[in-house]
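Shown next, in structure tokens, is the structure this report addresses.
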Amino acid sequence: MLKIENLKKAYGKHPALDGLNLTIKTGALFGFVGPNGAGKTTTIKILAGLMRPDSGTVIINGVDAGREYRKLKGLVGYVPDSFGVYDNLKVWEYMEFFASCYGLDGLMARRRCMALLEQAGLGDRADFFVDALSRGMQQRLCLARALIHDPAILVMDEPSSGLDPRSRTEFKELVQELNEQGKTILISSHVLSELAQMCTDIGVIEQGRMVMEGSMKEIMERVDHSNPLLITVRSDMDRAMAILRSHSCVRTISIKNDCISISFTGDSQDEAQLLQQLVDAEVQVTSFYRQQGNLESLFMEITDHEDKEVLLYEGKPDL
Ligand code: ATP
């Protein structure tokens, strides 16, 4: 298990991490999401041992990363967002160089490197120069290299940025395969739909703090629940508004393009009763439905603080 508590890091006076808390269960494929500048790379660099936090703790499988620095290096495999330049190395030399950095050499190192290259779909490229590989292949090589010491946790900083759709899919399948084989993985990305398809858990970071965290199932339930009910009426707007204002499940009401949008805490039965109430009051309802949402819409809702709609009413939360 990976547990981050109250992690803080500032660049000069500018705080990049402002008390970050985060837990990743063993075996999880954790999607780390946040807008530009939220603190994802800073967090990942601290996890990879490339940067020290100002304060806070990082515990990985019982090892305090701040105190046991060498152990941390052995526990974590790191895939950065951009591939380094290794013009004059062949693929197998590149792998064996990194193997030697972790004290692996000889036949054992060769076997491990070849097995990882095979798994990354690069078995037939061992004799190629690294810079002759496509961007997608280079990123898979980078992933194979990060696994050389069989780390408990793999951390990846937007590893599929700049890849074409086919390479993204191949990379995603490789990541899922590793997770199914038991690797705990943290992956940051801006492509939320991609994370939604592959991750078991999601954490959203903003301004150096975790603003939402949970299993994919919980988050998707929240997506559904957070979607507004959209109602349009042909006439009798005032009567409709009076009914909505007095309804115990209605939290906020706003109007956008002649459509009433309400945040509604009730379930489908409550929705049906509300519709019935409007019809019984002879309001001519022309449409009534829950807006379809997805992870992107929830992300925008959490990280976008500009109110674009006119808020007409805000109900009291349940006590
Ligand atoms: P992105 O998605 O754009 O890569 P991020 O979520 O990875 O962003 P970080 O790169 O961790 O965010 O940056 C967090 C904050 O720290 C940002 O405001 C950034 O400008 C600042 N920052 C990052 N690195 C440095 C640095 N070396 N010197 C000064 N400020 C920095």
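Where a number appears in this text, it was derived from the coordinates with a stated rule and is not lab data. Here the structure is a predicted model, which is why all the values come from computation and not from measurement. Cβ coordinates were reconstructed from backbone atoms using ideal geometry, including for glycine residues, and neighbour counts include every protein chain displayed.
Couple of notes before you dig in:
- Within-14-Å neighbourhood charge of Phe98 [Cβ basis; K, R +1; D, E -1]: +1
- Highest-fluctuation residue, Arg245, Arg145, Arg112 considered, GNM on the chain with Cα pairs under 10 Å: Arg245
- Segment 1-43: mean projected area of Cα convex hull, nm²: 3.2
- Spacing of the modelled spin labels on Thr26 and His190, each 7 Å from Cα toward Cβ, amounts to 3.6 nm.
- For Asp81, the residues 5 or more places off, or on other chains, whose built amide H falls under 5 Å of its own are Asp157.
- Counting beta carbons within 10 Å around each of Tyr78, Tyr94 and listing the fewest first gives the order Tyr78, Tyr94.
- Taking amide H atoms as placed 1.01 Å from N in the peptide plane, the amide H of Gly162 has no partner under 5 Å among residues 5 or more positions away or on other chains.
- As a rough footprinting exposure proxy, the listed residues Phe83, Phe129 were ranked by other beta carbons within 10 Å of their own, and the order from fewest upward is Phe129, Phe83.
- Segment 147-176-segment 56-106 distance, computed between alpha-carbon centres (Å): 15
- Charge dipole (debye, nearest 20) of the chain; +1 at Cβ of Lys and Arg, -1 at Cβ of Asp and Glu: 1200
- Label-point separation, Cys259 to Met300 (7 Å along Cα→Cβ), nm: 1.1
- With a simple spin-label model that places each label point 7 Å from the Cα along the Cα-to-Cβ direction, the separation between Asp131 and Leu107 comes to 3.6 nm.
- For segment 185-191, backbone phi angles converted through the Karplus equation (6.51, -1.76, 1.60; θ = phi - 60°) give residue-by-residue couplings of 9, 10, 10, 9, 6, 9, 8 Hz, Gly and Pro being listed as x.
- Note: relative contact order over the chain, using C-alpha pairs below 8 Å and six or more positions apart, is 19 percent.
- Residues whose placed amide H lies under 5 Å from that of Arg209, excluding near-sequence neighbours: Asp18
- Proportion of all alpha-carbon pairs of the chain beyond 38 Å (%): 31
- Extension gain (nm, one decimal) between Tyr289 and Gln197, 0.36 nm per residue minus Cα-Cα: 30.6 nm
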